[in-house]
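Quick notes on the structure that follows.
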């Protein structure tokens, strides 16, 4: 007796709207012939697997794998079933000694935690472009890994319905291996579930950081700019009043010019003092060299 794989394919519509690819066993790291699942063989979200992949986008899952840890099946026992870099629910750690989220956020290539943000037109435009690339890419990445996860779950559910017999019935192209198929689709589903969770979790952390840190930081910057503009406006108003003051206009202007001249003279005096010091130092060095020779 044989059990059939789901007849309705899982299509990666978001990756290619003209001719979207269907998810296969190979894409989720399963080798049907060898009856094995290898987490490292899961096809990553990239320009190769997703035609709509934004140029320059930095994959969240790739950052987790490269800078945090490899994905793994959780341990059956122990206080840290997902390892010390994740909590008991499998989410990435945010404790002060092991902040994996901060590592990932810093690798995404977006403007985040902008406490020292240089508020000018060029920087704002750069950040807008980076944000748009990230938003487009992370939505596609989430849809991609969710498609792979959905395929694994559908096959897992279908393999569960296979009757328990000896020898085990066929499952699709898995000859006499329905029980093996159940195990391998389960393993693939666990890893892909973590990947989808990571992408969603990092999206949420970006949103929270923007709300709790970036908005407050930018508000402080804008308030500072507003105070600077107000100071400049007050000075211009004073100068306008001086220019339009009847009868005493020239006297006020003369006072302003005198104050400016005093500031300029003080500036020149400071420069002369600096030049004198430098000249004395240079003469001293020449005298020292002369005496040394």
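Relative to the present Cα-Cα distance, how much length would full extension add between residue 8 and residue 200 at 0.36 nm per residue of separation? Could you put the intermediate results ahead of the total?
Numbers: separation 192, 0.36 × 192 = 69.12 nm, distance 2.60 nm.
The residue 8-residue 200 span can extend by a further 66.5 nm.
Cβ-Cβ distance of residue 157 and residue 95, R₀ of 35 Å, FRET efficiency by 1/(1 + (r/R0)^6): the value works out to about 0.45. The C-alpha radius of gyration of region 2-226, expressed as a fraction of 2.2 N^0.38 Å, stands at 1.22. A Förster radius of 22 Å combined with the Cβ-Cβ distance from residue 43 to residue 211 puts the calculated FRET efficiency at roughly 0.05.
Multiplying the residue separation of residue 259 and residue 75 by 0.36 nm and removing their Cα-Cα distance gives an extension gain of 58.5 nm. Note on residue 235 and residue 121: with the Förster distance fixed at 25 Å, the Cβ-Cβ geometry gives a FRET efficiency of about 0.55.
Extents of region 29-114, largest first, come to 50, 42, 16 Å (Cα atoms, principal axes, whole angstrom).
Every read-out reported here was derived from the displayed coordinates using simple, explicitly stated rules and does not represent laboratory data. Everything numeric here is computed off the predicted structure, so don't read it as measured data. Here the Cβ is made from the backbone with ideal geometry for all residues, glycine too, and neighbour counts use every protein chain on show.
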